[in-house]
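So the structure is just underneath, and the comments pick up after that.
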Amino acid sequence: MSDLVSGFEGSSTTNTPPQYCLICCEIADGHHFGAPACRACAAFFRRTVQLNKIHECPKNNQCFILSNVRNMCRSCRYDKCIDVGMKRSAVQQKRDQLGKRDGLRSVSESYSSRGEPVLDTMRRAYEQLLVVRKEVHNRTENQPSRPICFSELQNVYLKEMTIVYRFLCEAFPEYSEFFPDTKRSLFKNFFLPFTLLESSFNGHTSNRDLDSNFLDQPKWIIDLDRRQFSNVSGTMITNVLPDKQDVMLIPSGDYIDLEHLESYFTSNHQKFSQKETISMFAQQFKVLRTCITHPLHSENVDIYEFLALSAIILWESDLEADVDRQNAQEEAFQMRNAVIRDLLFYYQSMNVYDDVALRLGTILSILPSIQRASHRFHEYMEIKNLLNLYALPQNLYDMFSPVS
């Protein structure tokens, strides 16, 4: 994903010459703490100050800092932040983010290295993702959802690659700091499982009743849960699709009509008729329902649990790059632990489950089913490619293919 990563971080939507990060020479995304800086260097400086980290240089403070080697020496990177004008006084100290929302309180153990609860950052980033989707997919207010075909689905997910990548950068500042090869590995192992999980979560929440347990949740969770299972135009899916239960919901706000797959597989192939194609590939959607949608519905998974599952999927990924592997593995271990601690404390704050450890174990037990569905979906993609039958474009196929 090196081209994708560089394109995401280096793109500009205006003709104005870009500003560059004075620390690593990456494209800057604004002024941070008193100096032009990229998101990764800003996050590094903030964490160093908030956690009072002391870094040591093994080479007499003479290391060269550029974007592709900025993680090699944190001591020299911090010194350069100070040299270019970043001010420690501009960094806000850690705040009890979760504790400020309707009775949820955080504890020091639930903080990740970014200085705030992981799930709190994810929640804000996901809210932003929903807003960006509405703009990127050109949804208008009260625009009705409709069944889409295969070619339209490709276009949706070509856009989603950028949207999801930016979500990861916002939700996990740690992710932004990795080398491109490491980010590529994490993204490739995350994109397909997250796509299937989110679609199933949308389908589960769009059809469930707001029971008493759900209505007892803090208002921000209820609001976000309502917004999540509404489509990106802001209209509740349950209103848009009153008679459509057997659908796969798409991030654009539209859907695949699983009861009438002829609207998705719209054309005949030189070797296979439309009916034969549907017969071959209908099973992949049944796998999605069996492995993911049904467990989510059975356990009445809420938005917080959905975000936690998404985070663990990202940070459980195997990595193919050796250069930054050890650093990434250490970060992944810390992130997984932080997510689990946040989720446990969330359960304790809600006071809904008699056995919070049992609830946590039940939710985590869904993860193997998500991976199983992802592997099956990828097998179907490989078959389609081999047959040249509704094959994905190469760049999208690559992003949907896990690192072997």
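The values are calculated or read from the model by the stated rules, or taken from the named source; none is laboratory data. As the structure is a prediction and not an experimental result, all values here were calculated from the model. All Cβ positions, even for glycine, are placed from backbone atoms using ideal geometry, and neighbour counts span all protein chains on display. Heads up: the accessible areas ignore ligands, DNA and RNA and are worked out on the full protein's heavy atoms, side chains in. Shrake-Rupley method; radii C 1.70, N 1.55, O 1.52, S 1.80 Å.
Points worth noting:
- Highest average first, the peptides 43-53, 249-259 ordered by how many other beta carbon atoms sit within 10 Å of their residues are 249-259, 43-53.
- Residues Arg166 and Glu382, FRET efficiency given R0 of 22 Å [Cβ-Cβ distance, rounded to 0.05]: 0.20
- Peptides 170-183, 118-131, 352-365 ranked from most to least packed give 170-183, 118-131, 352-365, packing being the mean of other C-beta atoms within 10 angstrom over each peptide's residues.
- Summary of the geometry: region 152-204 and region 370-402, compared by the centres of their Cα atoms, lie 16 Å apart.
- Under the Karplus curve 6.51 cos²θ - 1.76 cosθ + 1.60, θ = phi - 60°, whole-Hz ³J(HN,Hα) for region 178-183, x wherever Gly or Pro sits: 6, 5, x, 5, 5, 4
- Amide proton proximity set for His32, modelled H, under 5 Å, gap of 5+: Ala37
- Contour minus Cα-Cα distance for Phe333 and Ser401 (0.36 nm per residue): 22.1 nm
- Hz values of 3J(HN,Hα) by residue in region 154-169 - Karplus curve (6.51, -1.76, 1.60), Gly and Pro given as x: 4, 5, 4, 7, 5, 6, 5, 4, 5, 4, 5, 4, 5, 4, 4, 5
- Note on Gln348 and Ala282: the model spin-label points, each 7 Å out from Cα along the C-beta direction, lie 5.0 nm apart.
- Rounded to the nearest 10 Å², the accessible area of Phe167 at probe 1.4 Å: 10 Å²
- Above-threshold pairs, the threshold being 21 Å between Cα atoms, out of Lys87/Lys183; Lys271/Lys384; Lys53/Lys183; Lys59/Lys183: Lys87/Lys183; Lys53/Lys183; Lys59/Lys183
- For Val247, the amide hydrogen comes within under 5 Å of the amide hydrogens of Leu258, counting only partners 5 or more places away or on other chains and with H modelled in the peptide plane.
- In Å², nearest 10: area of Glu135 left accessible to a 1.4 Å probe: 130 Å²
- Other-chain or far-sequence residues with amide H under 5 Å of Glu26's (modelled H): Cys21, Ser67
- Using θ = phi - 60° and Karplus 6.51 cos²θ - 1.76 cosθ + 1.60, couplings along region 357-373 (whole Hz; Gly, Pro as x): 5, 5, 4, 4, x, 5, 5, 5, 5, 6, 4, x, 5, 5, 5, 5, 5
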